[in-house]
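Chemist: Before I ask anything, here is the structure I am working with.
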Amino acid sequence: MQKTLQNYIPEQAVPYVLDLLKHDDLVVKVKKERKTRHGDYRKLPNNRHQITINANLNSYRFLITLIHEIAHFEAFEKYGRFIKPHGKEWKYTFQRLMLPLINPKVFPEQLLPLIANHFRNPKASSDTDVNLSLALKELDGPNDKTFIFEVPYGSTFKLYNGRIFKKGEKRVKRFEAVEVKTGKLYLFNPNAEVEIVTPKQAEIS
């Protein structure tokens, strides 16, 4: 387990995380990328508990996701199985578990104020915190990802599931886009990852 974690999280966080996992008797598995989630927690039929995390996350997002899922386990154990998954009990637990990690030995200086702000009231997904999400993605390795805020007005783009949209105006925080096939209007967060396509490619699809 220690060798595996050292490949995925910041080195300074390894001892702390190993202590948490040992105390809670949690099994952590690293999975291939899942487009709809970074990680999850569930109780297994044998009464053990398992956390899965996507392998493609950079070390800082991997760490935040791992603590997020450990917080689910600890909140359910302490407060019962009928609490809301991302309710006040989980928020408090997530804050408590993250606090020892929010320092420059673990995270880059430029992330610290964004992380501190996020954990005043943590959300169900860090992706909903646009500023933190974009800062984390900037630390990813080279890739061909395009964020929707970078897509020119009126251009067409494709999601991971093949659906094609035409970008429209920006509202207060999100961008409008019309699905080419159905004509329905949708709103996207600025940090949504998309693939720009030509009108011809859109017709073929």
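The values are calculated or read from the model by the stated rules, or taken from the named source; none is laboratory data. What you see is a predicted model, and the numbers here were worked out from it, not measured in a lab. A quick note on method: Cβ atoms are made from the backbone with ideal geometry, for glycine too, and the neighbour counts reach across all protein chains shown.
Chemist: Give me a count of the residues in region 120-130 that are at pLDDT 90 or above and either of a type in the set (Phe, Trp, Tyr) or not in a loop (DSSP other than H, G, I, E, B) (or both).
Modeler: Of the residues in that region, 0 qualify.
Chemist: I've got another one for you. Step by step: first the residues of region 97-116, then only those that are of a type outside the set (A, V, I, L, M, F, W, C) and assigned to a helix (DSSP H, G or I), then the one that is farthest from Gln12 (Cα to Cα). Which residue is that? So that I can check it myself, show each step before the final result.
Modeler: Going through region 97-116, the residues of a type outside the set (A, V, I, L, M, F, W, C) turn out to be 100, 103-105, 108-110, 113.
Now narrow it down to the ones that are assigned to a helix (DSSP H, G or I): 100, 113.
On the way: Pro100: 11, Pro113: 19 Å.
Checked region 97-116; the qualifying residue farthest from Gln12 (Cα to Cα) is Pro113.
Chemist: Considering only region 76-83, I want to know if a residue exists there that is within 27 Å of Glu109 (Cα to Cα) and either surrounded by 14 or more Cβ atoms within 10 Å (Cβ to Cβ) or in the same structural domain as Phe119 (by TED's automatic domain parsing) (or both).
Modeler: No, region 76-83 contains no residue that is within 27 Å of Glu109 (Cα to Cα) and either surrounded by 14 or more Cβ atoms within 10 Å (Cβ to Cβ) or in the same structural domain as Phe119 (by TED's automatic domain parsing) (or both).
Chemist: Determine if region 31-48 includes at least one residue that is at pLDDT below 90 and hydrophobic (A, V, I, L, M, F, W, C).
Modeler: So far as region 31-48 goes, yes, one or more of its residues are at pLDDT below 90 and hydrophobic (A, V, I, L, M, F, W, C).
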